[in-house]
Amino acid sequence: MSRSAHPAGPRHADVFPEGHYTAPADDLNALDEKVWARTVERDARGVVRVGGIEVTRLAEEFGTPAYFLDEADFRARCRAWADAFGTEADVFYAGKAFLSRAIVRWLKEEGLNLDVCSGGELTTALDAGMPAERIAFHGNNKSESEIRRAVEIGVGRIVLDSFQEIARVAHIAQELGKRQRVQIRVTVGVEAHTHEFIATAHEDQKFGIALAGGQAAEAVRRALKLDGLELIGIHSHIGSQIFDMAGFEVSARRVVQLLAEVRDEHGVELPEIDLGGGLGIAYTPEDDPREPQDIAKALTEIVTRECEAARLRTPRISVEPGRAIVGPTAFTLYEVGTVKPLEGLRTYVSVDGGMSDNIRTALYDAEYSVALVSRRSDAEPMLVRVVGKHCESGDIVVRDAFLPADTAPGDLLAVPATGAYCRSMASNYNHALRPPVVAVKDGAARVIVRRETEEDLLRLDVG
Ligand code: LLP
């Protein structure tokens, strides 16, 4: 359906109330490749497929809500990141975005390393066979037992986040008769242009040790003195869902400056810097993410340039993308339960999931797009809010979007770009059962994380 086919249709901005949305797409059946996983397409009958399988079949076999992950896309993105950074740099996938045994195996096969930030993520990584030396251990308050385990098994690096932790890791390593490779996480004082809750390099927040006031230099001084630690470098993560490279540039420049100070004071050139993750993805067609090659080129150039200026050997760079790898590879499939038009406002479309499978809209005001995927429709666009089934008015999945006006109970909707921080932040609110993650590839679908059951809920309830 083209815009001109409906000259008098309600496509004019003044017909719709205020909102975050732009005008409806010319064709609501079109699937913008920016936001959909690579193998997603609408077939001749109008049904959307992923990995060659119709969503209607997937819904029948696996139920809804469910996350469907395009394995080929995931692997391709891993390779794109690995190739872009080449042998001169290391890519650590940030497991917090989404982690499961299958994911770990794929990462291993595609040559990526893994960043974990809890004992649970570490267990998953080890269980699926990730070699300890390819694991980086993060977190602002790792427990003693987490640290002990990480040192015992020989993780490739622990990223130290506070003065207490410098002493704690050194002490544990010494007790175990080991020398642990560590990086110090610094806060570079960059205000990343993203939501407050996911910006991490300004000074007034909990992560890292500030460069300002000589704190980070003092941390380096202490770490270098401790026998249990081998200080291999400096780490900086400035935030998440960032499109503008300027923040990374400032961060790299300031980290290199610290390396130069360390060289001047201690005669030591630290061999590595880690610039963290945080690269943005497209949640709606308005977002314009960068390609891994671009990012690698920009980061390598700035580090090389700054090091030349400071007469430092260029350190080995590492990065930690999570969302940029897994985010675009999955969508959530929901079934419509009710459709409630509110005169002069919008239509509320309730689906069978909600804030328990995607908290990001409620938590960060995140924007998503949505499509009717079980059939084609040439009905007029209607302004909708896609909401869940939880007892809470903030239970919004997609705040403002357009769906065909004939969207009805029983239709399947899909919300793209839900691979990152959706299943991993899912909850049992209202005793919802967390949805499965189903990997789809070459006409085959298999559950990689199964749906929770009521037995699972009751198993923990031992009162
Ligand atoms: N490295 C470190 C040290 C991190 O803290 C994070 C994310 C990453 C890497 C990966 O960032 P990514 O490339 O995935 O943006 N739950 C939020 C994001 C919090 C991210 C926390 N740390 C969200 O749903 O947007």
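The values are calculated or read from the model by the stated rules, or taken from the named source; none is laboratory data. Because the structure is predicted, anything quoted here is derived from the model rather than measured. Here the Cβ is made from the backbone with ideal geometry for all residues, glycine too, and neighbour counts use every protein chain on show. These area figures cover heavy atoms from the full protein model, side chains too; ligands, DNA and RNA do not enter into them. Shrake-Rupley method; radii C 1.70, N 1.55, O 1.52, S 1.80 Å.
Restricting the first member to the range 283-312 and to residues that are over 21 Å from Glu265 (Cα atoms), and the second to residues that are at pLDDT 95 or above and open to solvent by 40 Å² or more (accessible area, probe 1.4 Å), the beta-carbon pairs closer than 6 Å and six or more apart or on different chains are Tyr283/Glu367; Thr284/Glu367; Pro285/Asp32; Pro285/Lys34; Thr304/Thr314.
When Phe98 is tested against (1) modelled with pLDDT of 95 or more; (2) more than 12 Å from the ligand (Cβ to nearest atom); (3) outside the structural domain of Arg313 (by TED's automatic domain parsing); (4) out of contact with any strand residue (DSSP E or B) (no Cβ under 7 Å at 6 or more places or on another chain), exactly one condition is not met: (2).
Does the range 434-445 hold any residues that are in a strand (DSSP E or B) and within 22 Å of the chain's Cα centre (by Cα), and which are they? Steps first, answer last, please.
Filtering the range 434-445 down to residues in a strand (DSSP E or B) leaves 437-441, 444-445.
The answer is Val437, Val438, Ala439, Val440, Lys441.
What residue, among those in the range 238-259 that are over 23 Å from Glu367 (Cα atoms) and within 16 Å of the ligand (Cβ to nearest atom), is surrounded by the most Cβ atoms within 10 Å (Cβ to Cβ)? Filtering the range 238-259 for residues that are over 23 Å from Glu367 (Cα atoms) and within 16 Å of the ligand (Cβ to nearest atom), the one surrounded by the most Cβ atoms within 10 Å (Cβ to Cβ) comes out as Ser251.
The single condition from (1) more than 13 Å from the ligand (Cβ to nearest atom); (2) part of a loop (DSSP other than H, G, I, E, B); (3) under 20 Å from Val437 (Cβ atoms); (4) of a type in the set (Ser, Thr, Tyr) that Thr314 fails is (3).
Of all residues in the range 80-102, those satisfying the criterion of being of a type in the set (Gly, Ala, Ser) and under 16 Å from Cys117 (Cβ atoms) are Ala94, Gly95, Ala97, Ser100. Please work out if Tyr368 is of a type in the set (Phe, Trp, Tyr) and either farther than 16 Å from Ala426 by Cα or buried (at least 18 other Cβ atoms within 10 Å of the Cβ) (or both). Yes; evaluated as a whole, the condition is true for this residue.
For the range 101-205, the strands (runs of 3 or more DSSP E) that sit wholly inside it and include 1 or more residues that are over 27 Å from Met245 (Cβ atoms) and either modelled with pLDDT of 95 or more or open to solvent by less than 30 Å² (accessible area, probe 1.4 Å) (or both) are 135-137, 157-160, 180-187.
The residue that is most open to solvent (accessible area, probe 1.4 Å), counting only those in the range 383-433 that are within 16 Å of the ligand (Cβ to nearest atom) and aliphatic (A, V, I, L, M), is Met425. In the condition set (1) part of a strand (DSSP E or B); (2) surrounded by fewer than 16 Cβ atoms within 10 Å (Cβ to Cβ); (3) hydrophobic (A, V, I, L, M, F, W, C), Leu458 is compliant with all but (1). Any residue at all in the range 68-91 that's away from the ligand (no atom under 16 Å from the Cβ), assigned to a strand (DSSP E or B) and within 26 Å of Leu107 (Cβ to Cβ)? Yes, some residue in the range 68-91 is away from the ligand (no atom under 16 Å from the Cβ), assigned to a strand (DSSP E or B) and within 26 Å of Leu107 (Cβ to Cβ). If you go through the range 274-296 and keep only what is more than 10 Å from the ligand (Cβ to nearest atom), aliphatic (A, V, I, L, M) and assigned to a loop (DSSP other than H, G, I, E, B), you end up with just Ala282.
Among the residues of the range 434-444, which ones are of a type in the set (Gly, Ala, Ser) and either open to solvent by less than 30 Å² (accessible area, probe 1.4 Å) or closer than 13 Å to Arg360 by Cα (or both)? Quick ask: steps written out before the conclusion?
So in the range 434-444, the residues of a type in the set (Gly, Ala, Ser) come out as 439, 443-444.
Matches in the range 434-444: Ala439 only.
Consider the range 342-361 and keep the residues that are touching a residue at least 12 places away in the same chain (Cβ under 8 Å) and more than 21 Å from Val437 (Cβ to Cβ). The one that is surrounded by the fewest Cβ atoms within 10 Å (Cβ to Cβ) is Gly344. Confirm whether Val250 is β-branched (Val, Ile, Thr) and assigned to a helix (DSSP H, G or I). In short, yes.
Name the residue, out of Leu229, Leu224, that is over 22 Å from the mean Cα position of the chain (by Cα) and surrounded by fewer than 16 Cβ atoms within 10 Å (Cβ to Cβ).
Leu224
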